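The block underneath contains the structure these notes are about, expressed in structure tokens.
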Amino acid sequence: MRVVLTLFLTAFAALAAAYYIDDILVAEFNMLLVVAVLVALLNTFLRQALASLSLSFSLLTMGLLLLLINAVFIKLADLVVEDFTVKTWSAAFLFGAVVTVVSLICQRLFRRRD
């Protein structure tokens, strides 16, 4: 249940980010759900590998490299999802930052308390 709620909250954050960032075009909210799932899958399977390969550079840039990796994932989602368009890399970076912050908040709110 937490995963579904986190995906919906991330999709709503993506909708808000797309509304305020001019270089992001979204046809329907359904496409943002697809984007949220796709970015979550990319983060799950690829982000850890990329982050571990570039750990020293990530420490040097104080985590900005991870936001850049997220922007690359957003641009990949732009290529895969038809009704989702990100025109510039700066828009992808801002969009990725917003989605990352909301995802982190959701993870903190919905984590298990053992």
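By how many nm would the segment from Asn30 to Leu79 grow when fully extended, if each residue of separation counts as 0.36 nm and the alpha-carbon distance is taken off? Provide the component values of the computation, followed by the final result.
Working: separation 49, 0.36 × 49 = 17.64 nm, distance 1.64 nm.
So the extension gain works out to 16.0 nm.
How high is the FRET efficiency between Leu64 and Val3 when r is their beta carbon distance and R₀ equals 30 Å, given to the nearest 0.05? Could the numbers behind the result be given before it?
Numbers: r = 28 Å, r/R0 = 0.92.
Taking R0 as 30 Å, the efficiency between Leu64 and Val3 is 0.60.
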Which residues does the label zone of Val101 cover in the range 1-36, counting backbone N under 11 Å from a point 7 Å along Cα→Cβ?
17
For Leu109 and Leu46 in the same chain, what is the full-extension length gain: residue separation times 0.36 nm, less their Cα-Cα distance, in nm?
20.3 nm
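Taken together, the values in this text are just the output of simple stated rules run on the coordinates, not laboratory data. No experiment lies behind these values; they were computed from the predicted model shown. Methodologically, a virtual Cβ is constructed for each residue, glycine included, from the backbone with ideal geometry; neighbour enumeration extends over all protein chains shown.
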